[in-house]
Amino acid sequence: MNQDQLNFDFSLKALFFFNPLAIPTVPKPSEQDQQDAKLIYYYPQNANIEEKRIQTGMAEGIFQFFAQFNPSPNILEQQENKNKNESLQFQTIHLEQQTHIICRVKEDLFLFMTLAHQKIPKIKTIVEDYFFSECNKFHFSLSKNLYTNIAENFVINFELFYGQDLTQLDQYTQRWILCNARSGTILNLFNFQSFSLKYAKIDAAIYMHLQSILTLGRQQEEQITDFIAFYAGYFLFSTLPHQKAILFKEHYYGSGLPWSNFEGKINQKFPPYTDNQSAYLNFFNLRNIVREGFSTQMVYINKQKKNIFTYLEKQLFIIVIANPLKDLQNLQKLVNVFQKSIDKLIYKLDIIIEQNLRQDLVKFIYFNGVNLAYRVSSQLIVSKLSSENLRVLQLVYEKLNTSNQYVIRTAGVWFYGSKVTERKVVYILPANIPLSKVEEEVNKIADQTFPNLLL
């Protein structure tokens with residue numbers, strides 16, 4: 001990890017769920033009884049009762065404070081953002097050494113997180129550059145999303161793995177920290193930012209070939225409802241909405257939570273070996289279905305229980321989702337279909353991925369807000385960007401939410417952002433190019449890289 005990014009390390013000081021509408025069941029409840037009734041779960045559990053009450057009281061105070069500035073009875077009950085992860089809504093409070101995040105999970109359930117973090121350094125800008133004099137008014141605070149993504153990650157993964165079973169919160173919280181920690185119990189803000197899919201640029205022939213294999217596979221077991229397919233980490237296909245597909249991508253190719261509760265499973269995912277990714281992808285591989293002890297795993301899709309299985313052949317990774325199965329016999333037929341059909345597909349995909357990895361002419365980041373596709377040029381290694389440039393990159397993306405173009409220069413780098421509808425590209429160019437030449441260079445790049453896509 002870039003040394004500058006260590007500034008974005010944080011630890012989870014407190015995490016708890018509370019119901020502000022809960023009423024104590026004891027007769028003649030005291031004020032403390034009323035507070036205690038609202039607390040559903042608190043991490044760390046060994047915190048003393050007074051600390052829990054203080055934190056819960058602070059959360060309720062924040063809850064009531066924001067309600068004062070909204071005409072509706074409760075600011076966190078607004079439905080205007082309901083299209084994003086149903087009704088998850090957030091408020092954040094940034095202090096010098098802490099950030100408080102409050103998230104409405106549902107009408108009577110709220111998540112409150114307190115992050116203890118280091119002081120974030122300010123961005124250095126070129127003051128004399130007239131084009132960006134407004135930049136001096138920017139407070140250099142991190143994007144709100146940089147923090148709310150953490151709470152969102154916690155909630156949506158819990159709902160995927162455990163549904164609404166709040167009795168699982170303690171073991172889930174401990175494993176969530178373990179699986180997402182950079183080291184020990186230290187987490188990093190940038191580990192929660194990759195909510196998009198890296199698409200493989202397959203043509204219609206390869207797409208139809210993959211479709212025919214999956215269709216034939218579905219015919220072997222009528223309870224199969226969905227497929228998701230990746231090749232070498234590149235997204236190929238999903239019958240689930242892309243927001244759901246992202247959760248599976250993050251789980252298998254990122255640092256998501258293991259399906260199983262067993263400590264051995266966590267050790268399986270994080271062994272000190274270079275082949276740990278392959279070992280983990282193979283954990284519930286359907287090719288092992290004939291082995292004794294093969295078991296099904298459960299997830300929740302739209303609050304419905306589902307079985308989930310995987311199939312891995314070389315770098316082709318297929319996720320199979322089915323209604324709960326009482327008999328696994330037909331899955332062997334599915335395995336046989338895959339084994340007989342995918343060699344030619346893998347050969348074609350190898351060629352495509354090799355083309356994807358060819359060197360680009362310039363550094364850029366592309367994001368399509370419609371289908372959540374993204375592409376980072378082979379010239380750009382995001383993890384090696386300085387904290388200054390990472391934060392400027394974040395700023396440019398935010399500015400493109402309200403404008404179709406935004407350009408800024410920091411010491412050594414031009415950032416040129418362009419947007420058409422929901423598609424954004426940020427080009428990163430050396431600062432020694434004069435401003436008059438920047439747009440000319442960008443147009444050349446766009447003609448070569450995105451001729452029919454963006455500009």
**OP:** For the stretch 197-220, indicate whether the set of residues that are crowded, with 17+ Cβ neighbours inside 10 Å, closer than 30 Å to Ile101 by Cβ and touching a residue at least 60 places away in the same chain (Cβ under 8 Å) is non-empty.
**Re:** yes
Original post:
Which pairs have Cβ atoms under 9 Å, sit 6 or more apart or on different chains, and link a residue in the stretch 293-306 that is of a type in the set (Val, Ile, Thr) to one that is open to solvent by 50 Å² or more (accessible area, probe 1.4 Å)?
Top reply: Thr296/Pro324; Val299/Lys305; Ile301/Lys244
**OP:** Can you work out which of the residues in the stretch 87-113 that are touching a residue at least 24 places away in the same chain (Cβ under 8 Å) and part of a loop (DSSP other than H, G, I, E, B) is least open to solvent (accessible area, probe 1.4 Å)?
**Re:** Leu88
Original post:
From the list Ser403, Ser418, Ser378, which one is small (Gly, Ala, Ser), more than 20 Å from the chain's Cα centre (by Cα) and over 30 Å from Leu236 (Cα atoms)?
Top reply: Ser403
**OP:** Just give me the residues in the stretch 405-415 being part of a loop (DSSP other than H, G, I, E, B) and either closer than 17 Å to Ile445 by Cβ or among the aliphatic types (A, V, I, L, M) (or both), in sequence order.
**Re:** Ala411
Original post:
For Thr56, are the conditions met, namely being touching a helix residue (DSSP H, G or I) at 6+ places or on another chain (Cβ under 6 Å) and either surrounded by 17 or more Cβ atoms within 10 Å (Cβ to Cβ) or modelled with pLDDT of 80 or more (or both)?
Top reply: yes
**OP:** Quick one: in the stretch 290-304, of everything that is assigned to a loop (DSSP other than H, G, I, E, B) and within 23 Å of Leu160 (Cβ to Cβ), which residue is most open to solvent (accessible area, probe 1.4 Å)?
**Re:** Lys303
Original post:
Yes or no: Lys348 in contact (Cβ under 8 Å) with a residue 40 or more places away in the chain, part of a helix (DSSP H, G or I) and either among the hydrophobic types (A, V, I, L, M, F, W, C) or surrounded by 13 or more Cβ atoms within 10 Å (Cβ to Cβ) (or both)?
Top reply: yes
**OP:** For the stretch 27-67, enumerate the residues that are of a type outside the set (Ser, Thr, Tyr) and assigned to a loop (DSSP other than H, G, I, E, B).
**Re:** Pro27, Lys28, Pro29, Pro44, Gln45, Asn46, Ala47, Asn48
Original post:
Can Gln171 be described as free of Cβ contacts under 8 Å to residues at least 40 places away in the same chain and either surrounded by fewer than 18 Cβ atoms within 10 Å (Cβ to Cβ) or acidic (Asp, Glu) (or both)?
Top reply: no
Subject >> Top-ranked residue of the stretch 221-250 - restricted to ones that are without any contact (Cβ under 8 Å) to a residue 40 or more places away in the chain and among the polar types (S, T, N, Q), ranked as most open to solvent (accessible area, probe 1.4 Å) >> reply: Thr239
Original post:
Do we have any residue at all in the stretch 8-25 that's under 22 Å from the mean Cα position of the chain (by Cα), surrounded by fewer than 17 Cβ atoms within 10 Å (Cβ to Cβ) and either within 16 Å of Ala116 (Cα to Cα) or modelled with pLDDT of 90 or more (or both)?
Top reply: yes
Subject >> Test result for Ala245, part of a helix (DSSP H, G or I), under 23 Å from Val299 (Cα atoms) and at pLDDT below 75 >> reply: no
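Looking only at the stretch 279-301, filter to residues that are closer than 19 Å to Asp327 by Cβ and among the aromatic types (Phe, Trp, Tyr); which one of those is modelled with the lowest pLDDT?
The extreme case among them is Phe284.
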Subject >> Candidate set from the stretch 372-382 (those that are part of a loop (DSSP other than H, G, I, E, B) and open to solvent by less than 60 Å² (accessible area, probe 1.4 Å)); member that is farthest from Gln355 (Cα to Cα) >> reply: Leu372
Original post:
Residues in the stretch 383-404: is at least one part of a strand (DSSP E or B), surrounded by 12 or more Cβ atoms within 10 Å (Cβ to Cβ) and either in contact with a Leu (Cβ under 7 Å, 6 or more places away or on another chain) or of a type in the set (Asp, Glu) (or both)?
Top reply: no
**OP:** Identify the residue in the stretch 112-168 that is small (Gly, Ala, Ser) and at negative phi and, among all such residues, is modelled with the lowest pLDDT.
**Re:** Ser133
Original post:
When you look at Lys314, is it out of contact with any Pro (no Cβ under 8 Å at 6 or more places or on another chain), modelled with pLDDT under 90, over 29 Å from Leu169 (Cβ atoms) and surrounded by 12 or more Cβ atoms within 10 Å (Cβ to Cβ), yes or no?
Top reply: yes
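The values are calculated or read from the model by the stated rules, or taken from the named source; none is laboratory data. What you see is a predicted model, and the numbers here were worked out from it, not measured in a lab. Cβ: placed from backbone, ideal geometry, glycine included. Neighbour counts: every protein chain shown. For the accessible areas, the whole protein counts, side chains as well, though only heavy atoms, and no ligand, DNA or RNA atoms are used. Shrake-Rupley method; radii C 1.70, N 1.55, O 1.52, S 1.80 Å.
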